[in-house]
1. Would you call Leu154 modelled with pLDDT under 95, outside any loop (DSSP other than H, G, I, E, B), on the phi < 0 side of the Ramachandran plot and of a type in the set (A, V, I, L, M, F, W, C)?
2. Step by step: first the residues of segment 293-335, then only those that are polar (S, T, N, Q) and part of a strand (DSSP E or B), then the one that is surrounded by the most Cβ atoms within 10 Å (Cβ to Cβ). Which residue is that?
3. Counting only residues that are in a strand (DSSP E or B) and free of Cβ contacts under 8 Å to residues at least 40 places away in the same chain, which one in segment 186-198 is nearest to the chain's Cα centre (by Cα)?
4. What strands (runs of 3 or more DSSP E), lying completely within segment 375-488, carry at least 3 residues that are buried (at least 21 other Cβ atoms within 10 Å of the Cβ) and over 15 Å from the mean Cα position of the chain (by Cα)?
5. In contact (Cβ under 8 Å) with a residue 40 or more places away in the chain, more than 30 Å from Asp24 (Cα to Cα) and buried (at least 17 other Cβ atoms within 10 Å of the Cβ): does that describe Leu71?
6. Do we have Thr123 as under 19 Å from Gly343 (Cβ atoms), among the β-branched types (Val, Ile, Thr) and part of a helix (DSSP H, G or I) here?
7. Applying the selection to segment 143-185, what residues are more than 20 Å from the chain's Cα centre (by Cα) and hydroxyl-bearing (Ser, Thr, Tyr)?
8. So which residues in segment 405-437 are touching a helix residue (DSSP H, G or I) at 6+ places or on another chain (Cβ under 8 Å), of a type in the set (Lys, Arg) and closer than 22 Å to Thr44 by Cα, if there are any at all?
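The values are calculated or read from the model by the stated rules, or taken from the named source; none is laboratory data. What you are looking at is a predicted structure, and each value in this text was computed from that prediction instead of being measured. As a convention, Cβ positions derive from the backbone with ideal geometry for all residues, glycine included, and neighbour counts pool all protein chains shown.
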Amino acid sequence: MEPIIINDLTFAYPGQKPLFNHCDLNLSSDWKLGLLGRNGRGKTTLFRILQNQLAYLGQVQASLNFGYYPLKIIDPNELVWNNISEVAPQTEQWQVERELNLMATDPALLWQPVKTLSGGEQTRIMLATLFAQNDLFPLLDEPTNHLDQHGRKLIAQYLKQKQTGFIITSHDQHFLDQIIDHTLVIEQHQLILEHGNYSSYFKQKRVRDKDAINSNEQLLKEIHHLKKVQSTKKQWAQRAESEKKNNSHADKGFIGAKAAKMMKKSVIVNNRLNKAITEREGLLQDVETTVPLTINLQPTHLQELLHITDLSLSYPGHSLCSNLSFTANSHDQILICGNNGTGKSSLFHAICGNFTGNQSGEIRLSSKLKVSVVRQDYHHHGTLREFAKYYQLNYADFLNLLRKFGMKRESFNTPIEDMSMGQQKKVELARSLVEPAQFYLWDEPLNYLDTYNQDQLIKLIQTVRPPMLIIEHDQHFIDEIATKQINI
């Protein structure tokens, strides 16, 4: 067991409020620790601090060699093993194969080009490479992204049986509940460390939030009452002053003394009320809330938007989907389901006309249909203003969507490539929601999004019912929004 001791940690990105402010933590390398928190709260930043990649104030004491997931891909056109040899040259092939076998994954994937692997297959390769290195303490940043339901079950079982500890971030509650024994949560103004899994933490949080809401309601009533009293006192003082000015025949000395006395008393009372109001405002507690999202769905008179007949996709030596047929109509929210590697993302590439493998069958997309795509892989750079200009987005509407997703105004000046993965995903989704469209292709939209944002998307789709094809593995999301499921 090796401790990870954090003393008086303070960190902020330039021009932004601190993500960590005089924080103290004492963690153990034996723990299977879930690192939780909303997007942009500093989960990945904490990982970078532990790896000594960022300058910070305070102390981090740990005699551990930290390994980070996801691993860097050197050349996606090269074989998987060649990439592993570049990023982890001390790792033996048999060690990686051993870990792949524990995940019920075919080691033959090592001899395919990286670009031919699905996101889930790449995830298993990266995890196997990381855990094959016995001298590393793993920091796992959203490994459930890109994993199908079967893959998540396999990875959960794999991590559950590990004798060593690790720190993991994920927004899949069911997945975390199976593997973690401690939770560290970055809330709005504090770090919460608890023994137990995600459900245990969230149960306690609901109790805290309920108490905070009740307390806030009482405090707001008191503040309203105090401000009302304050207004009444000011009116009394103003009437006394008015009486002094307008009563020309009365005893000026008496009225003046009375007015002065009233004004002095008013100032004292006003100061006392201001102090009471300020004290109560200081007791108000932040509770996580969300607002409804909007979508720039354009009307269409078309009933049938997409028709696919006997579609087969493959790469040389690697078959994907075959004989696929279905129709997408103007009121459909169709979930494309299937294990990793069956060609779900390739289907989207084929619909958009940029699939690079072998293709047969028919894809008939209605002409002049405005299609908006959310991609799994995106590499945005530059400022939000430059991004909006490039995609011809209304800048004010674009920023408004990002605010609804919970992004802070101070992060709007951060280059997109320096944002957290959750913030970058919000940029990708906000683009799709703002641009005018009649049909939506969303490839794993929930990746990197916290549960609050996931609920926002569910409510939006349930309310507007835009025509969509969606690839997603989260069963709760599928149950809530799908009108039809296509299994590949």
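1. It is true that Leu154 is modelled with pLDDT under 95, outside any loop (DSSP other than H, G, I, E, B), on the phi < 0 side of the Ramachandran plot and of a type in the set (A, V, I, L, M, F, W, C).
2. Checked segment 293-335; the qualifying residue surrounded by the most Cβ atoms within 10 Å (Cβ to Cβ) is Gln333.
3. Here the answer is Ile192.
4. By residue number, 439-443, 468-471.
5. No, not satisfied.
6. Yes.
7. Passing the criteria: Tyr158, Thr164.
8. Arg409, Lys426
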